[in-house]
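Working notes, structure below.
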Amino acid sequence: MSEALTIDAGVRALGLQVPAGRLELFERHLELLAKWNRVHNLTAVREAGQMVVVHVLDSLSLVPHLGDAGTLVDVGTGAGFPGIPIAIARPDIQVTLVDSSHKKCTFLEQAKAELGLGNVRVVCDRVERWKPAAPFDVVVSRAFAELSDFVSQAGHLARPGGRLLAMKGVHPFEEIARVPTTHRVAEVVELKVPSLDARRHLVCLEAA
C-alpha cells in the first residue's frame, strides 16, 4: 500500500472528514520532513510508513476531541505534531505552533509556506515565558512534559473555560496524582490510532 493510501485509509478509519484537496498535504509535510531529516535531526522516526502512523494518524486522533474550538496552540510542537495535521484537517481552526528550537521553527515556517497553511502561525520561544496577545480555546501537547509541568508552563495560554489536552501513552495515573490544585482532570480518553500497536490516552484538563 502506498503512503498516500495509508494516510487516506487511516483518515477514514478515524472517521474524519478532511476537506477536499487537503489529503495530499499530509504526505507533502512528511516528504518535506524526510528531506530536512537528511541534514537536521528533527525526528527519530524516519521510515515513511512509520511516520504516517506515529506522527500523522496519532496527531489526527486528537481531532474528534477538539469540539468547536476556534483557536489552538501546540506547545513543544517539534516538527509540527500534532499542530500541522490538525491545521490541515481543520482549516477553520487557527493553529499556533510554539517551539524554542530555532532549527525546528525554521522548518515549521518552511512547511507553512510550502503547504499554504494560512491558518498556521509559528512562534519561536519558550512556552513558559511567551505571552500571547489573546489566550486560546485549546492548548495541546504531545510528549511535551509531565502533566504537572504542562499545567505550570502552559496553563496561562488557555482562556477562561478553555482546555489543556495532553497526549500520553499508557494511562498516566501517577502524573495525574501530581496535577497542581489549580487544575483538575476533566476526563481521560483512550485514543484509537489505526495500525499503532501501543496504548494512547488523551488527558483533558480544566482550571479548577
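Output the residues belonging to segment 166-180 that are under 18 Å from the mean Cα position of the chain (by Cα), without any contact (Cβ under 8 Å) to a residue 40 or more places away in the chain and surrounded by 15 or more Cβ atoms within 10 Å (Cβ to Cβ). Answer for segment 166-180, where residues must be under 18 Å from the mean Cα position of the chain (by Cα), without any contact (Cβ under 8 Å) to a residue 40 or more places away in the chain and surrounded by 15 or more Cβ atoms within 10 Å (Cβ to Cβ): Ala166, Lys168.
Checked against the criterion of being of a type in the set (Val, Ile, Thr) and free of Cβ contacts under 8 Å to residues at least 40 places away in the same chain, the candidates Val98, Val11, Val18 yield just one match: Val98.
Annotation: Phe144 fulfils all but one of (1) in contact with a Phe, Trp or Tyr (Cβ under 9 Å, 6 or more places away or on another chain); (2) under 23 Å from Leu25 (Cα atoms); (3) touching a residue at least 60 places away in the same chain (Cβ under 8 Å); the unmet one is (2).
Given the condition in contact with a strand residue (DSSP E or B) (Cβ under 8 Å, 6 or more places away or on another chain), at pLDDT 90 or above and surrounded by fewer than 19 Cβ atoms within 10 Å (Cβ to Cβ), answer yes or no: does some residue in segment 5-23 qualify? The answer is no, given that none of the residues of segment 5-23 is in contact with a strand residue (DSSP E or B) (Cβ under 8 Å, 6 or more places away or on another chain), at pLDDT 90 or above and surrounded by fewer than 19 Cβ atoms within 10 Å (Cβ to Cβ).
Pairs meeting the criteria (first residue in segment 181-208 and surrounded by 15 or more Cβ atoms within 10 Å (Cβ to Cβ), second residue among the acidic types (Asp, Glu) and assigned to a loop (DSSP other than H, G, I, E, B), beta carbons under 7 Å, at least 6 apart or on different chains) are lacking. Scanning segment 117-139 for residues that are in contact (Cβ under 8 Å) with a residue 60 or more places away in the chain and either over 26 Å from His65 (Cα atoms) or surrounded by fewer than 15 Cβ atoms within 10 Å (Cβ to Cβ) (or both) returns a single hit, Ala134.
The values are calculated or read from the model by the stated rules, or taken from the named source; none is laboratory data. It should be emphasised that the depicted structure is a prediction, and the values quoted were computed from it without experimental measurement. Every residue, glycine among them, receives a Cβ derived from its backbone with ideal geometry; neighbour counts consider all protein chains shown.
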